[in-house]
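The values are calculated or read from the model by the stated rules, or taken from the named source; none is laboratory data. Bear in mind that the values here come from a model prediction, so they are computed numbers and not experimental data. Glycine gets a Cβ as well: all are built from the backbone with ideal geometry, and neighbour counts include every protein chain shown. Areas reflect the complete protein model, heavy atoms only, side chains present, ligands, DNA and RNA absent. Shrake-Rupley method; radii C 1.70, N 1.55, O 1.52, S 1.80 Å.
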Amino acid sequence: MSLAVLYDSTKCVGCRECERACSGKWGLPYNEAIAAREVLSEHKLTTIVTRGERYARRMCMHCNQPTCVSVCPVAALQKTEAGPVVYDEKRCMGCRYCMLACPFQVPVYEWTRTQPKVKKCDMCFERLMAGKPTTCSEACPTGATITGRREELLHEALHRLATNPKDYWQRIYGRREVGGASVLMIAAAPPEELGLKANLPQHPLPLLTWQALSFVPDVVGVGSALLGGVYWITHRREEVAAAEGRKPGKDVGR
């Protein structure tokens, strides 16, 4: 069972309750200044984009075959069978490859923190596992964002496009882009007019990622291995220290 989110731009009134609810769920600050900046940031993991009288949403698309997952050297990002792409900050070593690889330019970095981590929407994975809708779906007062099974939401989107063809651009954004995604969007205008990434390939990108890496000098591969080794050693030291009941970095007998 693959779950998904369907966003219908024609039903969106730009109230930003999805933003507010998402920020609340993550314990992030949210005020007028943050709301006014229509960009993803460490303070806002979804955003409403205004284009005249039309609206769009930006958030993690939760690709069916995510490039961010394929490039992460420590498996901090994982695609779940339920649909969401989840992130484990305990595994993350801050290489930010995911930020470079994402075709939708979604992951953000906590630049203002002394120990920064990557941040992104996880499609409210824990809520989905409890049988609940995403926080943004629950908060939306007009039904512009809904949660359900991906196949059922695709059927609903196709029905809306066929029933009211004059009201919609006749494609479902996220249905086939980069191999498909767990976030689907329909609107009255094409993505480029709504500030969304357009002209993306319909095939998954991870294969291209590894094809490209095959031409990269070996030093890059060695560097990745070295970083992975440093990560393992650091966390192994913490595990050993915890088992011995002492703090990392303090040798016994000193």
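When residues in the stretch 114-128 are screened for being in contact (Cβ under 8 Å) with a residue 12 or more places away in the chain and not hydrophobic (A, V, I, L, M, F, W, C), 5 of them pass. For the stretch 11-36, a residue qualifies if it is closer than 24 Å to residue 174 by Cα and in a loop (DSSP other than H, G, I, E, B), and the qualifying residues are 12, 13, 14, 15, 16. Of all residues in the stretch 99-136, those satisfying the criterion of being polar (S, T, N, Q) and either open to solvent by less than 30 Å² (accessible area, probe 1.4 Å) or not in a loop (DSSP other than H, G, I, E, B) (or both) are 134, 135. Here is the figure for the stretch 169-209: residues that are under 21 Å from residue 85 (Cα atoms) and either without any contact (Cβ under 8 Å) to a residue 60 or more places away in the chain or β-branched (Val, Ile, Thr) (or both) total 12. I'm trying to understand the selection: among the residues of the stretch 37-57, which are out of contact with any helix residue (DSSP H, G or I) (no Cβ under 6 Å at 6 or more places or on another chain) and in a loop (DSSP other than H, G, I, E, B)? Of everything in the stretch 37-57, those that are out of contact with any helix residue (DSSP H, G or I) (no Cβ under 6 Å at 6 or more places or on another chain) and in a loop (DSSP other than H, G, I, E, B) turn out to be 37, 38, 39, 40, 42, 52, 53. Could you list, in sequence order, all residues of the stretch 58-86 that are part of a strand (DSSP E or B) and surrounded by fewer than 23 Cβ atoms within 10 Å (Cβ to Cβ)? Result: 78, 79, 86. Does the stretch 16-23 contain at least one residue that is among the acidic types (Asp, Glu), open to solvent by less than 70 Å² (accessible area, probe 1.4 Å), in the same structural domain as residue 177 (by TED's automatic domain parsing) and out of contact with any Phe, Trp or Tyr (no Cβ under 8 Å at 6 or more places or on another chain)? Yes - at least one qualifying residue is present in the stretch 16-23. If the condition is being assigned to a loop (DSSP other than H, G, I, E, B) and not basic (Lys, Arg), then the stretch 137-174 contributes 140, 141, 142, 143, 144, 164, 168, 169, 170, 172, 174.
Scanning the stretch 24-57 for residues that are surrounded by fewer than 18 Cβ atoms within 10 Å (Cβ to Cβ) and among the hydroxyl-bearing types (Ser, Thr, Tyr) yields 30, 41, 50. Residue count for the stretch 175-194 under the criterion of being of a type in the set (Val, Ile, Thr) and assigned to a helix (DSSP H, G or I): the result is 1. Within the stretch 132-150, the presence of at least one residue that is within 27 Å of residue 41 (Cβ to Cβ) and free of Cβ contacts under 8 Å to residues at least 24 places away in the same chain is confirmed.
Filtering the stretch 1-20 to residues that are more than 17 Å from the chain's Cα centre (by Cα) and over 27 Å from residue 42 (Cβ atoms) leaves 1, 8, 10, 11.
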